[in-house]
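Before I ask anything, let me first share the structure, which is written out below as structure tokens.
The values are calculated or read from the model by the stated rules, or taken from the named source; none is laboratory data. Since the structure is predicted, the reported quantities are computational estimates derived from the model, not experimental observations. Quick reminder, even Gly has a Cβ in these numbers, built from the backbone with ideal geometry, and neighbours come from all protein chains shown. Just so you know, the surface numbers come from the protein's heavy atoms only, side chains and all, with ligands and any DNA or RNA stripped out. Shrake-Rupley method; radii C 1.70, N 1.55, O 1.52, S 1.80 Å.
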Amino acid sequence: MTSSIGPILERAVSGARISPREAYALLRSPDWTSIVAAGHQRRLRLHDPSVVSYTAYRVINYTNFCDVDCSFCSFKDEIESDRGYTLTLDEIAAKTEEALALGVDHIFIQGGVNPKLPLSYYTDALRMLSGKYRVHVRGFSPVELLRLARKEGMPLPELLSILKDAGLGSVPGAGAEVLTDRMRQILSPKKLSGEDWCHVMGECHKMGLPGSSNIVFGSVETEEDVCEHLTLIRDQQDRTGGFLAFIPWTFQPQTKKFTVRHVRGWEYLRLIAVSRLFLDNIPNIEVSVLGMGKDLGELALNAGANDINSIVIEENVLRSSGLKTLGAAVKFIKEAGFTPARRTLGYEFGKYPEAAA
Ligand code: SF4
């Protein structure tokens, strides 16, 4: 570590907390190889060096009706071309049965913000998934939760309690994109603010609904935006815990109305490493093989990531080719030089001892 960021990296690798200003220096540094090496060193100290974990889930986008109108989302195009839908309970059941037959261990349910759906739609779906199918349900982004609570005229904790009683097990950190006010105005001015996003996630954590957090970059965000985003996530984690993992994603082309910037491979790897070094209170950094592809995914496992963000059997929001079977995930991890370890959504490893190769 010979560059000017060397002292920052040495402290971060040793486990010392680095400041937002220091994280900003890393995000601005062209010395990405030193940052990536440090991210990997830190990961080796925190997790079994030989193991990379994975899980399997199916995404069910229960509706594409949404009045939030995020600039990057394809749902509006689908509705305008007469492809709007809301899944019935039977359709959700059919997708769940298909996924369970393929070996998934949780269902990730997420939609647009459809103001016409009553609370009973959500509770019926959750009761069916957690009761009849006994499957873990991770569901609903903060904007869905906040808007549903407002529509039903109830405090957010009351809504969360009802959903949890019905079977909701955890929450995704979806809809964060970039949490700064500047970027929210550009990407999704009708969505909840970064402050509200953190508040909703905090309430979920307090309710015993853990989850993940993420960043979606590759538009017009600056290093300041990324640094502020990471700081908001770390501060929220200090307050309420509950983020089991952090996942950097990049925007994927979904609609012609939104321009996606090309994210260079080293830029992605640098962010994986900075996430590992700065987010000292979030144990797992996941690489999205779904979004980034296998080559970059493999490199990210040597830059700070310790998990491959799993197999997705269906994803309507993000169109890409990822690892679509359990066998493909195992093969990918082995070829990357690690031992695969299947985990649950809560990062428990005992449930699938036979899956460790
Ligand atoms: S990203 Fe989510 S909240 Fe935004 S328009 Fe699409 S479905 Fe709605």
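Yes or no: the stretch 242-250 includes at least one residue that is in contact (Cβ under 8 Å) with a residue 24 or more places away in the chain and within 13 Å of the ligand (Cβ to nearest atom).
Checked the stretch 242-250: at least one residue is in contact (Cβ under 8 Å) with a residue 24 or more places away in the chain and within 13 Å of the ligand (Cβ to nearest atom).
Determine whether MET183 is assigned to a helix (DSSP H, G or I), modelled with pLDDT of 95 or more, within 16 Å of the ligand (Cβ to nearest atom) and more than 17 Å from GLU144 (Cα to Cα). So that I can check it myself, show each step before the final result.
Working: assigned to a helix (DSSP H, G or I): yes; modelled with pLDDT of 95 or more: yes; within 16 Å of the ligand (Cβ to nearest atom): yes; more than 17 Å from GLU144 (Cα to Cα): yes.
Against the criterion (assigned to a helix (DSSP H, G or I), modelled with pLDDT of 95 or more, within 16 Å of the ligand (Cβ to nearest atom) and more than 17 Å from GLU144 (Cα to Cα)), MET183 qualifies.
Among the candidates ILE35, ILE107, single out the residue that is away from the ligand (no atom under 16 Å from the Cβ), open to solvent by less than 40 Å² (accessible area, probe 1.4 Å), not charged (D, E, K, R) and not in a helix (DSSP H, G or I).
ILE107
Please go through the stretch 207-224 and pick out each residue that is touching a Ser or Thr at 6+ places or on another chain (Cβ under 6 Å) and open to solvent by 10 Å² or more (accessible area, probe 1.4 Å).
Across the stretch 207-224, the qualifying residue is only PRO210.
For the condition crowded, with 24+ Cβ neighbours inside 10 Å, outside any helix (DSSP H, G or I), of a type in the set (A, V, I, L, M, F, W, C) and on the phi < 0 side of the Ramachandran plot, what is the one hit in ALA273, ALA305?
On inspection, the qualifying residue turns out to be ALA305.
If you don't mind, there's one more thing I want to ask. Would you pick out the residues in the stretch 51-91 that are in a loop (DSSP other than H, G, I, E, B) and more than 13 Å from the ligand (Cβ to nearest atom)?
THR55, SER81, ASP82, ARG83, LEU87, THR88, listed by residue number.
Quick check on this structure: which one of ASP165, ASP196 is more than 16 Å from the ligand (Cβ to nearest atom) and of a type in the set (Asp, Glu)?
ASP165
Among the candidates GLU267, GLU228, single out the residue that is in a helix (DSSP H, G or I), of a type in the set (Asp, Glu), touching a Leu at 6+ places or on another chain (Cβ under 9 Å) and in contact (Cβ under 8 Å) with a residue 60 or more places away in the chain. Walk me through it before giving the result.
Values: GLU267 fails: touching a Leu at 6+ places or on another chain (Cβ under 9 Å).
Result of the check over GLU267, GLU228: GLU228.
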